[in-house]
Amino acid sequence: MEMTEWSDQEKIIALENRDKLAREVAEELELMGYPSRTKSAIRRIWHEYEIQEEETEVEVEEDNKETPSLIQECKPKILYFDIETTNFKATFGEVLMMGYRWHGEEEYKIVKVTDYEGWDELNIEDRDYYVLQDMHEIISEADVLVGHYSKRFDHRFIQSRCLYHKLPVIPNPPHVDTWHIAKYQMAIGSNSMKNIAKFLKCDNQKDSLPIHIWRRANAYDEECIEMIAEYCLQDVRTQYSMTQRLMPLANAIPNMNLLVNSTKYLCSGCGSDNVQKRGFHFTKINKYQRFQCMNCGKWSRGRNTLTDKEIKRHL
Ligand SMILES: [Zn+2]
């Protein structure tokens, strides 16, 4: 038995140096500040990895290649969502519907005001009462939310409407907002979903609906609500496909290991375990190992500082 547990980063470093001798790797790890390891401990980690690799290789073939197999299997609770409302302000409008999809599941789903018995017996200003209860349940299950302008609009709107109806408030888990990514990490003029999707050549959106359809849906015309529902689902599809491209830029997403309970280090952008060492990340007083995912390209950095104690004393 080992004296100290192997950290994920330490394992990655050991695995990336499989072309070296076990003794050399042990020395290198110790120099980097990791616990001292025997040669056989290093070889054991290599061996474990080889077995895992053999097992995953078979799974990859069966995969639809959309997302790596580990994520497909473990299904982290990442929720892609979009809402439609009758007004931009929760004081003057209600939620009409929420379209959504769970990461790793194929199906796009929607919950709408008109799905519930007795919805039209409620006063107009209270008509989202039933749908909000379901939305509350769905959002409460999510470990990560993904939307477009959803931090500023969708989440706040739902929260306001829950408070209005005296329903329990919704949680605020880590939230990936593709509008935020486009605004602060890209330079494409308009940060609308349509413009981003066009730029990234993702799912093409349908033409926008004529204004009278929206006005009639806002007045609770059931046929028009159905048309808006199609539009809302299309937005979630676009959201999903453009997020797959933008995930390497997402800062809000937690470590995938935590989301799927894996001890193997996984890329937080896509869940792949094919992560390699690529240079270092420097702060004013620390140096960290930098990594890049070989599947989606996302950059990350190690947790432990690599700054030599002697150097640190003189900083
Ligand atoms: Zn990745």
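Some points to look at:
- Violating pairs (Cα-Cα greater than 26 angstrom) within the set LYS75/LYS166; LYS183/LYS264; LYS277/LYS312; LYS89/LYS151; LYS77/LYS298: LYS75/LYS166; LYS183/LYS264
- Computed from backbone phi, the HN-Hα couplings of the stretch 115-124 come to 6, 10, 4, x, 4, 7, 8, 7, 4, 3 Hz, rounded to whole numbers (Karplus: 6.51 cos²θ - 1.76 cosθ + 1.60, θ = phi - 60°; Gly and Pro given as x).
- Stretching ARG215 away from GLU137 to a fully extended chain increases their span by 25.2 nm, per 0.36 nm per residue minus the current alpha-carbon distance.
- Crossing angle, helix 129-141 versus the chain [Cα axis fit, 0-90 degrees, rounded to tens]: 0 degrees
- Principal axis box of the stretch 211-315, alpha-carbon based, largest edge first, Å: 72, 28, 22
- Carbon + sulfur, % of accessible area of the stretch 74-149 - ligands and nucleic acids excluded, 1.4 Å: 44 percent
- Calculated FRET value between LEU306 and ARG245, using beta carbons and R₀ = 22 Å, to 0.05: 0.10
- Within the chain, the longest segment free of exposed loop sites, counting chymotrypsin sites (Phe, Trp or Tyr not before Pro) that fall outside DSSP classes H, G, I, E and B and have at most 13 other Cβ atoms within 10 Å, spans 93-315.
- Over the chain, the pair-distance histogram of Cα-Cα distances with 20 Å bins from zero comes to 28, 47, 22, 4 percent, rounded to whole numbers.
- Exposure rank, largest accessible area first [LYS20, LYS309; 1.4 Å]: LYS309, LYS20
- Shown are ASP126, ASP143, whose ranking by accessible area with a 1.4 Å probe and every protein chain present, most to least, is ASP143, ASP126.
- Distance from the stretch 81-110 to the stretch 196-253 (C-alpha centre basis), Å: 10 Å
- Solvent accessible area, Å² - VAL95, 1.4 Å probe, full protein context: 0 Å²
- Phi to ³J(HN,Hα) by Karplus 6.51 cos²θ - 1.76 cosθ + 1.60 over the stretch 102-110, Hz, x for Gly, Pro: 8, 4, x, 10, 7, 6, 9, 10, 8
The values are calculated or read from the model by the stated rules, or taken from the named source; none is laboratory data. Source: prediction; values computed, not measured. Here the Cβ is made from the backbone with ideal geometry for all residues, glycine too, and neighbour counts use every protein chain on show. SASA here: full protein model, heavy atoms, side chains in, ligands and nucleic acids out. Shrake-Rupley method; radii C 1.70, N 1.55, O 1.52, S 1.80 Å.
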